Amino acid sequence: MRLGVLDVGSNTVHLLVVDARPGAHPWPAHSEKVVLRLAEQIGPDGALTRSGADALVEAVGAARAAATRLGAEDLIAFATSAVRDATNAADVLARVRDETGVRLEVLPGADEARLTFLAVRRWFGWSAGRLLVLDIGGGSLEIAAGIDEDPALAVSLPLGAGRLTRDRLRLEPGSAVPPPAEAVDELRAYADELLDPVVARLTDEGWQRPVATSKTFRTLARLAGAAPSGAGLWAPRRLTRAGLRQVLGFVRHIPPTRLAELDGVSAGRAHQLLAGAVVAEAVLRRLDVAALDICPWALREGVILRRMDQLGPGECEE
């Protein structure tokens, strides 16, 4: 079965087309994305701006056309934190549906965490034992932990790299100077404050293998010495807390325009890297995690796997 998955995230609108069937590895056939940074296009009233909504409609329409052209038999479309938290979410979703024919499902944060956890569980298998899974998106931080395919604990916190860059560090993509030290320290304290209610719950749940997904963690791992993307999907990648502290120590002093020149840092997200590093450091420090494995599968793969699980063996005949 050829399946299209459209992920309207807080940073990008990403279309992934895969060939999949129950019980099999989903194989990517096509991937394309548009950087919209919706998390940074939320106005003072909490609403997604008109220009942000315009760009979203255009991107969803183009993604649907691409999925049809590539022969996708079904298109699963969902939106995460930026659309979920917008005060005009209902109007934006209605406009997307009316103008593109695509019905976006808004995923609650806890469901994001659960589906990402499922993808990580399938990637590492049962031998990984109890998992701790971390994912820093543009609008939120997802954390899940447990022994099964459905985590025992799944939480979402408003600690996304894009959101914090806009609200706390006030950095723009073309910023030529780093934020003041006071702003970084305040962000660290804010992250600690939001983590306070969940640290004890997570510690009580326990884990044997801590894992991270997301572009933010992959970039931080690359800067700390992990294998580049060119090494392939199967190359093992890790991020240690000591390595993360070193990365945070230099990125807080480098303006986004120069960060974008570093290997592994995308120009469109360079200004968000510092906020992501602050959150990552806070989580590892508060949970006393010494090192993380980086998983290449995340939310999109979790959505695909859940859909395949829902279908019977005879419903995906090629």
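The values are calculated or read from the model by the stated rules, or taken from the named source; none is laboratory data. All of these numbers come straight from a predicted model, not from anything done at the bench. Glycine gets a Cβ as well: all are built from the backbone with ideal geometry, and neighbour counts include every protein chain shown. Accessible surface areas use protein heavy atoms only, side chains included; no ligands, DNA or RNA. Shrake-Rupley method; radii C 1.70, N 1.55, O 1.52, S 1.80 Å.
If you go through region 106-116 and keep only what is surrounded by fewer than 20 Cβ atoms within 10 Å (Cβ to Cβ) and either touching a helix residue (DSSP H, G or I) at 6+ places or on another chain (Cβ under 9 Å) or touching a residue at least 60 places away in the same chain (Cβ under 8 Å) (or both), you end up with VAL106, PRO108. For region 1-53, the set of residues classified as surrounded by fewer than 21 Cβ atoms within 10 Å (Cβ to Cβ), closer than 23 Å to GLN310 by Cβ, charged (D, E, K, R) and out of contact with any Phe, Trp or Tyr (no Cβ under 6 Å at 6 or more places or on another chain) consists of ARG2, ARG21, listed by residue number. If I filter region 117-135 down to residues being surrounded by fewer than 21 Cβ atoms within 10 Å (Cβ to Cβ) and in contact (Cβ under 8 Å) with a residue 24 or more places away in the chain, which single residue comes out as nearest to LEU157 (Cα to Cα)? It comes out as ARG130.
Residue-by-condition table, conditions (1) touching a Leu at 6+ places or on another chain (Cβ under 8 Å); (2) of a type outside the set (Lys, Arg):
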| residue | (1), (2) |
| --- | --- |
| THR12 | yes, yes |
| LEU15 | yes, yes |
| PRO26 | yes, yes |
| ALA29 | yes, yes |
| LYS33 | yes, no |
| LEU36 | yes, yes |
| GLU40 | no, yes |
| ARG50 | no, no |
| VAL60 | yes, yes |
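Has region 180-198 got any residue that is basic (Lys, Arg) and surrounded by 14 or more Cβ atoms within 10 Å (Cβ to Cβ)? Yes: region 180-198 contains one or more residues that are basic (Lys, Arg) and surrounded by 14 or more Cβ atoms within 10 Å (Cβ to Cβ).
When the criteria are applied in full, ALA90 fails the requirement of being open to solvent by less than 60 Å² (accessible area, probe 1.4 Å) and in a helix (DSSP H, G or I). A single entry from ARG69, ARG64, ARG103 fulfils the requirement of being basic (Lys, Arg) and over 13 Å from VAL5 (Cα atoms): ARG69. Applying the condition of being touching a helix residue (DSSP H, G or I) at 6+ places or on another chain (Cβ under 6 Å) and assigned to a helix (DSSP H, G or I) to region 96-105 and asking which residue is most open to solvent (accessible area, probe 1.4 Å) yields GLU99. Looking across VAL283, VAL289, one residue alone is open to solvent by less than 20 Å² (accessible area, probe 1.4 Å), within 20 Å of THR116 (Cβ to Cβ), touching a residue at least 24 places away in the same chain (Cβ under 8 Å) and not in a helix (DSSP H, G or I). It is VAL289.
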